[in-house]
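First the structure, in the form of structure tokens, and then the observations on it.
The values are calculated or read from the model by the stated rules, or taken from the named source; none is laboratory data. It should be emphasised that the depicted structure is a prediction, and the values quoted were computed from it without experimental measurement. As a convention, Cβ positions derive from the backbone with ideal geometry for all residues, glycine included, and neighbour counts pool all protein chains shown. The protein model used for the area step is the full one, side chains on, heavy atoms only, and it has no ligands, DNA or RNA in it. Shrake-Rupley method; radii C 1.70, N 1.55, O 1.52, S 1.80 Å.
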Amino acid sequence: MTAVLSPARRPEPGETVGATVRRLAGAQKGAKGAPAYSRFVNRPIGRVLAALAFHRGLTPDAVTGLSAVCTFTGLAVVALAPHTWLTGVLVTALLVLGYALDSADGQLARLRGGGSPAGEWLDHAVDSAKVVAVHLCVLVGLYRTGELAPGWLLVPLGFAVVAVTHFSLTLLNEALRAQHGARTRAARAVPGERPSVLRSLLVAPTDYGVLCLVFVLLGATPLFLAAYGLLALGTTGYLLLALPRWRNEMAALGRQDGTTS
């Protein structure tokens, strides 16, 4: 059975960061459907950052702001700095930290008694900008290198379209499920259930965390493009397979309440 956090603005007297991390570990949201990096790497790192922020008295919005600063600094480097191995390491570090802080803000909110609509809005606003900005910054950065035939620049453009579509439909699916009284993805989590590791690995190409790691290859344009292109193909394939299933699910919701079109 998943533990329930005791909400508090500040840690209990004598509570260590390690104890806070253990409390959070026992009260995680369900991992069903979560890709491997987000599930096994990003969430545990975010847990530690959330505990540190809790002991420092930071708010979830402040952590979201730190996440945005790290992420968009890294993306600016991709677009404007020379593409070297050192640049790639710096970008990867900034994006990985930004993504971990993106996980930490929600976990911090749970420690403090739950998030607010305004906090959730801010988190999704940053994510909405990030999901398209990352590919546009890749486009600008690759154009500035002057090493590629113009056709290669279609790869980040296409990836941007796929990423925005995937992100938007994921949010829309959850909103429509809630609106029509169906169980949302979060509500489907069963206490004590261990979701499939294989599925987490299979959906890894859709994981923003894996994309963050690819930037370590930025100093070798052909290697970076190969890895980036494979993620683009994997994400596109996943989306094409998911679209009919999502459409059928939404049609079933319409039939339940008589709004089938």
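Points to keep in mind about this one:
- Condition check for Val161: over 30 Å from Ala50 (Cα atoms), open to solvent by 30 Å² or more (accessible area, probe 1.4 Å) and without any contact (Cβ under 8 Å) to a residue 24 or more places away in the chain: yes
- Within segment 232-256, residues that are farther than 15 Å from Ala204 by Cα and touching a residue at least 40 places away in the same chain (Cβ under 8 Å) have Cβ atoms under 7 Å from residues that are in a helix (DSSP H, G or I) and open to solvent by less than 30 Å² (accessible area, probe 1.4 Å) in these pairs: Trp246/Asn173, counting only partners at least 6 apart in sequence or on another chain.
- Of the candidates Thr235, Thr184, Thr206, Thr145, the single residue that is touching a Ser or Thr at 6+ places or on another chain (Cβ under 7 Å), exposed (fewer than 15 other Cβ atoms within 10 Å of the Cβ) and of a type in the set (Ser, Thr, Tyr) is Thr145.
- Contact annotation: residue pairs with Cβ atoms under 6 Å, 6 or more positions apart or on different chains, pairing a residue in segment 172-201 that is modelled with pLDDT of 70 or more with a partner that is among the polar types (S, T, N, Q), are Glu174/Thr184; Arg177/Thr184; Ala178/Thr184.
- Entry remark, segment 55-109: residues being among the small types (Gly, Ala, Ser), at pLDDT 95 or above and out of contact with any helix residue (DSSP H, G or I) (no Cβ under 9 Å at 6 or more places or on another chain) number 0 in total.
- Being open to solvent by 20 Å² or more (accessible area, probe 1.4 Å), of a type in the set (S, T, N, Q) and over 17 Å from Ala93 (Cα atoms) is a property that holds for Thr59.
- Subset of segment 30-47 (residues that are open to solvent by 30 Å² or more (accessible area, probe 1.4 Å) and either free of Cβ contacts under 8 Å to residues at least 60 places away in the same chain or part of a loop (DSSP other than H, G, I, E, B) (or both)): Gly30, Lys32, Pro44, Ile45
- Spans of helices (runs of 4 or more DSSP H) in segment 48-147 with at least 1 residues closer than 26 Å to Thr165 by Cα and touching a Lys or Arg at 6+ places or on another chain (Cβ under 8 Å): 60-80, 85-111
- Verdict on Thr184 being over 18 Å from Ala227 (Cβ atoms), among the polar types (S, T, N, Q) and not in a helix (DSSP H, G or I): yes
- Each residue in segment 121-137 was checked for being surrounded by 15 or more Cβ atoms within 10 Å (Cβ to Cβ), over 12 Å from the mean Cα position of the chain (by Cα) and over 19 Å from Val214 (Cα atoms), and 1 of them qualify.
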